[in-house]
Every structure is written in C-alpha cells, then in structure tokens.
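Read the structure below first, then the notes.
The values are calculated or read from the model by the stated rules, or taken from the named source; none is laboratory data. What you see is a predicted model; the values in this text were computed from it and never measured. Counting neighbours? That spans all protein chains shown, and the Cβs are built from the backbone with ideal geometry, glycine included.
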Amino acid sequence: MEENSNNKRTYQVVNMPENETKNQKSNHTFSKNVLLPFCSGIIGATLVIGTCMYVPGIRNVILQDTKSVETSVNSSQTPSSLTNISLTNYSQTGMSVANKVRPSIVGIKVEYVANSIFLRNSTTASAEGSGIIISEDGYILTNNHIVNSSSTNSYYEIEKASKVSVYLYNDETEYPATIVGTDEQTDLAVIKIDKTGLTPAELGDSSKVQVGEFSMAIGNPLGLESSVTAGIISAVERKVTDSDGKTFTLIQTDAAINSGNSGGALVNAEGKVIGVNTLKLSGTGIEGMGFAIPINSTKDIYEQLIQYNKVKRPYIGITGLDLDQKTAEYNKLVVGIYVKDVETFSAAEKAGIKIGDVIIGADGKNITTMNELNEIKNSHNIGDTLEIKLNRNGKEMNVSVTLTEQP
C-alpha cells in the first residue's frame, strides 16, 4: 500500500509541468468565458443604476420599493403593531355635508291647546321638531304630526297647533309660521314664514339609495338646533306600521334620530336630501333604528299642499274592518275587509256597496286588508274606475266604483 502511494506521489510530481500548462489554459479560458463577462455585467449594472438614480421618476420608484420592502420586513418582525387608517376623507365628507345642508334645516316650535277631560279646563302644551326649506321664499317641508297633533289620552285632548314658530340656522330670531297644508296619510305638512333669500335644500333621488351608503341626519333633537348624526343606510323600502295602524314604506338608517329630529333631513354624501326623518323605534334591546320618508314620494305631496292646501286623492267612501281567519270563522264570514259604514252619496254607495259586505279583491288581486285596498286605490286617478270583488251573504259579486275626490 505504501509503495503504491509513493508511486502516486511520483506520478503527480513528474507530471507537474503538464498540469501547470493545463491550469494556464484553464485560467485563460476562465478569464475569457467567465471573468470578463462578469466584470462587464458589473460595470454595465453600475452605469444603469447610476443613470436611474439621477432620473427623479425612476429614483422615486426605486426608493419607494425599498421602503415597501422595509415596511414589510418591519411588519413581519413586529406582528403586534397596528396599522393606522386615515379617516380624513370620511371626516372631510361629514364636514362638507354638514356645512352645505345646515343652512337649509330649521327648528320648529309648536304650541297646542290641551283640554283636560275631567277638570274641564285648558292649558298650553308645546313640542319641537325640524323642517326642510324647499323654496327661497319661505316654504318649509315637515311632518304632519309636528304641526297637526291629534294626541289624546284618558286625561286630556290636544287640539291643532295654535302657534308655530321657526328658527333659522345661526339666527336667533323667532319667525311666526302659518300652516299651508297637512296630509295625515303620508305624515307630511308644509308651513311658511314671511321671509325671502332662504337657502333651499338640494333634493336627491331616493330611488338610487343603496344599502350601506353614507347617511347623515340633520335636525333639532331635543331643541338642540342644527345637530348632525351620521351612519349608513340600513335598508330601503322598509314597511313600517305606526301605532295608528298606518303602514309606510321608508328608508331605514342607523344615524341617530331622536325626539325633535322629525321633519328634518336625511342626506347622502353629496349633501342631497334623500328623506324626511319621521320616526324611530325605541325600547329595550332596540338601538339605531330610524326611518325617513323617501324624498321622491314627498314631491307630489308638498306641491299639492302648496297649490291646494291639501292632497287630492281618489276616494271610495267606506269604513272597513280587517277580518282575519279566526274572526271571520266566528262570525261566519270570509277573510277580507268587512264594510262597517258606507258614506251617503259616496262612490261606494253609488256602486251598490252595502254595510256587511266583505271586500275580497280589487283590480283582479286578492286582498284582505284596508292597507292593500288603499294602496291599489291610490294607484288610480280621480275619475278612474276601480273593479271591486266582494262577498255578500256567501255569494261573490263584482262592482265597478268610479273614484271621486276625497273631501
């Protein structure tokens, strides 16, 4: 083994010059094929980077990318750190909308005469609400329940408003107002003050309102004039029934609406009025459920109130009672609308409708409630013919009602 090892060493020593020759050739080849291109690449890259760093646009991109990498590294190194999100745009939107709309919103103070049922005397009661300026010469849109209260209980009865006052934005003057017209069915009213040069609100298109979009309520809650609250649109075309049994189709929002906000504006991110704040749900477990009348549905109403002091609607002339399944079976009737009364000389009387009839259909649709009948009726004009299906003594029959103007 040792001999072979020595021979190996001898072989290596003897052939050393040949190896050197090969190494020289190999070094020459390495310099030519590897080292020269590598150095050329280094020089070229240096020239490119140097040029880029002197071009502002390219330099900024490079530096920005570097910062992004550093930020990413730092974030990965400190996973518990929080990322700050700027709310500047949201704040700017809120301030812009508030500044634009507040001059078009008024505070309303109303005085009523309250008659005591037991003591046979009268006293004065007051309430506050809000309104939206709709013309520069003093017309103001608000809620009917603010200026035309019919609230009663076991102790007193409230008459219509005896005095209405308006307070403008940044103006402490008390402006007396007159009631132009009221409409209980839509809970809308128009009042007017003797002043020009007002700032009318810009009205939006409530048919384009979408769930989740920005909303702001502006009004006079608890007498605190020009208060603003913000939120989002929670729902559109929400059916809500009030304590009197009237059903409204409303916009729902989580922007805070409190007593006194009624009649004020619900506006979008452009500062356009999309609704008239009208009610809220309150009670244990209820929070952030306010409702507004879509502004599109108010335009025809306030125009008629200004022109006619009332809303002209088609009229049938009956008083009805909704019959559910249990009540109908108990009285041996069918489910529908029981006719309790028929007005003398009304469209219903002329068509032959009688007390005790049960209305079960209108315009070819099955109906069971007065709300459904009114909805169909209100889709017609005065003078139109409404086909009504009714049940009389167990037999079905159809009658044609020529709608008249509601008195």
Next on the checklist: Between E270, E287, E303, which is closer than 24 Å to G138 by Cβ and surrounded by fewer than 18 Cβ atoms within 10 Å (Cβ to Cβ)?
Outcome noted: E303
Checklist entry - Condition test on T278, is it crowded, with 21+ Cβ neighbours inside 10 Å, in contact (Cβ under 8 Å) with a residue 12 or more places away in the chain and among the polar types (S, T, N, Q)? => result yes
Checklist outcome for this item: If we take segment 253-346, then strands (runs of 3 or more DSSP E) inside it with 2 or more residues that are over 22 Å from N381 (Cβ atoms) and within 28 Å of the chain's Cα centre (by Cα) are 265-267, 273-280, 290-294
Checklist outcome for this item: Of the conditions (1) closer than 30 Å to S297 by Cα; (2) in contact (Cβ under 8 Å) with a residue 24 or more places away in the chain, the single one that K365 does not satisfy is (2)
Checklist entry - Regarding E237, is this residue acidic (D, E), modelled with pLDDT of 90 or more and closer than 24 Å to Y169 by Cβ? => result no
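Looking only at segment 368-390, filter to residues that are among the aliphatic types (A, V, I, L, M) and within 30 Å of the chain's Cα centre (by Cα); which one of those is surrounded by the most Cβ atoms within 10 Å (Cβ to Cβ)? Please lay out each step first, then the result.
Applying the first criterion (among the aliphatic types (A, V, I, L, M)) to segment 368-390 yields 370, 373, 376, 382, 386, 388, 390.
Right, trim to within 30 Å of the chain's Cα centre (by Cα) and you get 370, 373, 376.
Numbers: M370: 19, L373: 24, I376: 18.
Per the stated criteria, the residue is L373.
Residues that are outside any loop (DSSP other than H, G, I, E, B) and of a type in the set (G, A, S): does segment 202-212 have at least one?
First pass over segment 202-212, keeping only residues outside any loop (DSSP other than H, G, I, E, B): 203, 206-208.
Checking which are of a type in the set (G, A, S) leaves us with 206-207.
Within segment 202-212, one or more residues are outside any loop (DSSP other than H, G, I, E, B) and of a type in the set (G, A, S).
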